[in-house]
1. Quantify, in whole percent, the carbon and sulfur part of the accessible surface of the chain (1.4 Å probe; protein heavy atoms only).
2. Can you bin every Cα-Cα distance in the range 3-69 into 10 Å intervals starting at zero and give me the percent of pairs per bin, rounded to whole numbers?
3. Please compute the net charge surrounding residue 130, taking Lys and Arg as +1 and Asp and Glu as -1 over other residues with Cβ under 14 Å from its Cβ.
4. Just the ratio, please: alpha-carbon radius of gyration of the range 22-109 over 2.2 N^0.38 Å, N its number of residues.
5. With respect to the cross-link table entries 34/66; 66/106; 6/66; 99/121, which display a Cα-Cα separation exceeding 19 Å?
6. Can you pull out the cysteines in the chain that have no other Cys Cβ under 4.7 Å?
7. Scattering from the C-alpha atoms of the chain alone, worked out with Debye: what is log10 I(q)/I(0) at q = 0.12, 0.15, 0.20 1/Å?
8. With the other protein chains left in place, how much accessible area per residue, in square angstrom, belongs to the chain at a 1.4 angstrom probe?
Amino acid sequence: MTENDKKFMRRAIELSRQGMSSNQGGPFGAVIVKDGKIIGEGNNQVTSTNDPTAHAEVVAIRNACKTLNTFQLDGCVVYTSCEPCPMCLGAIYWARPAKIFYGCDKNDAAAIGFDDDFIYKEISLEMDKRMIPTAQMLQNEANEVFNEWASKSDRTDY
């Protein structure tokens, strides 16, 4: 961990404070850096935008991808004020940065009412055991589109 890493983490923490203080959402902030420069920032905006996906990391990823004009964050580093929740961790992995640094951990988040442990448990359950009823339907019709994708010569793989 370098002094620059600390600087970028402090910025993520400050974003978490700013977003919370301005009632945009919960106390979470994130910064994405490439080649020593911030290319995307975000704070939690769930309650102010009525968007349950507007977590700090997702907002920062969207901003960074817009800055870079790409859908992947190769060579980037994510600094987030708290260990990413399952959704954000998935988004981070899809974006493919080089590294993640986080401040608070999931236990710290759970202590103030942000407990994501139930989601991790839900993922490992069979579909018929999950809290939200989930059922597969029209698989053959849906697979037709997948087959079209598999044979599409001008697709952009990701």
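The values are calculated or read from the model by the stated rules, or taken from the named source; none is laboratory data. Keep in mind it's a predicted model, so treat the numbers as computed, not measured. We place every Cβ from the backbone using ideal geometry, glycine too, and count neighbours over all the protein chains shown. To get the accessible areas, we keep the full protein, side chains included, count just its heavy atoms, and leave off ligands, DNA and RNA. Shrake-Rupley method; radii C 1.70, N 1.55, O 1.52, S 1.80 Å.
1. For the chain, the apolar C and S fraction of the accessible surface comes to 53 percent.
2. The calculated distribution, bin by bin, is 25, 51, 22, 2.
3. Charge balance in the 14 Å sphere: -1.
4. 0.99
5. Pairs exceeding 19 Å: 66/106; 6/66; 99/121.
6. 65, 76, 85, 88
7. -0.62, -0.88, -1.20
8. About 67 Å² of surface per residue is accessible.
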